[in-house]
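Okay, so here's the structure we're looking at.
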Amino acid sequence: MILFDYGIINFMKHDRFMKRAIVLARRAEGRTSPNPLVGSLLVKNGHVISEGYHKKAGMPHAEAEAIGLAGKRANGSTLYVNLEPCCHKDKRTPPCTSAIINAGIKKVVIGMQDPNPKVSGKGIKYLRSKGIEVVEGVLKKDAERLNEFYIKYIITGKPFVLLKTAMTLDGKIATPTGESKWITSERSRQYVHRMRSKVDAVLSAIGTVKADDPLFTARIKGARDPMRIIIDPELDVDAHANILQCPPETLIITKTKGERVDRLSAQGIKFMHYDGTLDMNDLLRSLGKLYVTSIMIEGGSSLAGHALGDGIVDKVMYFIAPKIIGGSGSYPAVGGNNYRDMKDAIAVRDMKVRRIDQDLLIEGYL
């Protein structure tokens, strides 16, 4: 006689629908900041009756979308949502908990609690106080990974930082003359464009701007371009540089003040000033106050070394091309004068490796 663990069976069923909620949420990647990515569906008698996702900050939340589409059919159904429903009124849209209660939903299955102190368990508690069954933690790790930008930003007030590097098999990002076009394949570069469309900002430095005159745009139809943040202490940017063509928005981090700053400001360029040595953690805090929740670093050896040295990097993305440049004068992936003893080397965890054309993409968390 076979004994079934119905608790496990129920969670397997929950997993199926929660995976769908996460897929729905991903449709809005790059559009909801500073809000989280949220997908939702209503299920009745084992069948999906409606779906919704949060499309953009200020637009209806995922739960409200699914409930609105279901209408009266929502009564007695189960709601699946990857993030705890909101319960506070300090925002542009009504609380989702009220919509859930008013719709007559009998059960809510949640991927993870919302780390926002205005919610953080309060939504779950309120639903239970109204007699609604709540199941927590279904595909929790997947739900957390989906909203890693939002979680870091809400908890720390600082943006999540990706360090992207394209390098050869021997760890070089440019020849001694600074040539770097193109190390990786066209498909790898297209992947980077997609990543740009998902983050709030791209961070680089004047050296890269001078060497490559990059656009730092997504170049994908219908995609959002990120803000371009350039560290340029002495304001050496060329007057005709691509990054000075707005839109998209450009923010220059500089020590310089005066007439040229005023002139560029009139063109739409924004500025943030600092004195002495730039502290990257201070920069992140300032960007967080501007509602920048995610940044991808696209720069040279020096910027990578500075970012890693200041401990601001959350995730690395190394594109490795099957090419060898060689030479001690070629630029390494991580530069600077500082190094770590082997026992103090930065550890990378949760690594994933995938192939893009002939390149390898290695991703991991610090």
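The values are calculated or read from the model by the stated rules, or taken from the named source; none is laboratory data. Source: prediction; values computed, not measured. Virtual Cβ from ideal backbone geometry, glycine too; neighbours counted across all protein chains shown. Only protein heavy atoms, including side chains, enter the accessible area calculation; ligands, DNA and RNA are left aside. Shrake-Rupley method; radii C 1.70, N 1.55, O 1.52, S 1.80 Å.
Find all pairs meeting these conditions: Cβ atoms under 8 angstrom apart; at least six residues apart or on different chains; first residue within the stretch 161-188 and under 16 Å from Ser301 (Cα atoms); second residue basic (Lys, Arg) and assigned to a strand (DSSP E or B).
Sorted first by the residue in the stretch 161-188, then by its partner, the pairs are Leu162/Lys315; Leu163/Lys315.
Every residue in the stretch 87-143 that is more than 24 Å from Asn45 (Cβ to Cβ), open to solvent by 40 Å² or more (accessible area, probe 1.4 Å) and assigned to a helix (DSSP H, G or I), please.
Ser98, Lys122, Lys125, Tyr126, Ser129, Lys140, Lys141, Asp142
Which of (1) touching a Phe, Trp or Tyr at 6+ places or on another chain (Cβ under 9 Å); (2) modelled with pLDDT under 95; (3) β-branched (Val, Ile, Thr) does Ile362 not meet, given it meets every other one?
Against the list (1) touching a Phe, Trp or Tyr at 6+ places or on another chain (Cβ under 9 Å); (2) modelled with pLDDT under 95; (3) β-branched (Val, Ile, Thr), Ile362 comes up short only on (2).
Tell me which residues, restricted to the stretch 195-226, are open to solvent by 10 Å² or more (accessible area, probe 1.4 Å), closer than 24 Å to Glu363 by Cα and small (Gly, Ala, Ser).
If the condition is that a residue be open to solvent by 10 Å² or more (accessible area, probe 1.4 Å), closer than 24 Å to Glu363 by Cα and small (Gly, Ala, Ser), then Ser197, Ala205, Ala223 are the ones that fit.
Given the condition at pLDDT 95 or above, over 29 Å from the mean Cα position of the chain (by Cα) and farther than 16 Å from Leu127 by Cβ, answer yes or no: does some residue in the stretch 51-60 qualify?
Looking through the stretch 51-60, none of the residues is at pLDDT 95 or above, over 29 Å from the mean Cα position of the chain (by Cα) and farther than 16 Å from Leu127 by Cβ.
Going by the conditions given, is Ile151 touching a residue at least 24 places away in the same chain (Cβ under 8 Å) and under 21 Å from Lys55 (Cα atoms)?
yes
Tally time: how many residues in the stretch 289-322 are at pLDDT 95 or above, open to solvent by 30 Å² or more (accessible area, probe 1.4 Å) and in a loop (DSSP other than H, G, I, E, B)?
Qualifying residue count for the region: 4.
Within the stretch 236-244, can one find any residue that is among the charged types (D, E, K, R), more than 23 Å from Ile356 (Cα to Cα) and open to solvent by less than 20 Å² (accessible area, probe 1.4 Å)?
no
Mind checking which pairs have a first residue in the stretch 351-366 that is touching a residue at least 60 places away in the same chain (Cβ under 8 Å) and on the phi < 0 side of the Ramachandran plot and a second that is assigned to a strand (DSSP E or B) and open to solvent by 60 Å² or more (accessible area, probe 1.4 Å), Cβ under 7 Å, 6 or more apart or different chains?
Leu361/Arg354
Test Leu42 against the criterion of being surrounded by 23 or more Cβ atoms within 10 Å (Cβ to Cβ) and either of a type outside the set (Val, Ile, Thr) or in contact with a Pro (Cβ under 8 Å, 6 or more places away or on another chain) (or both), and give yes or no.
yes
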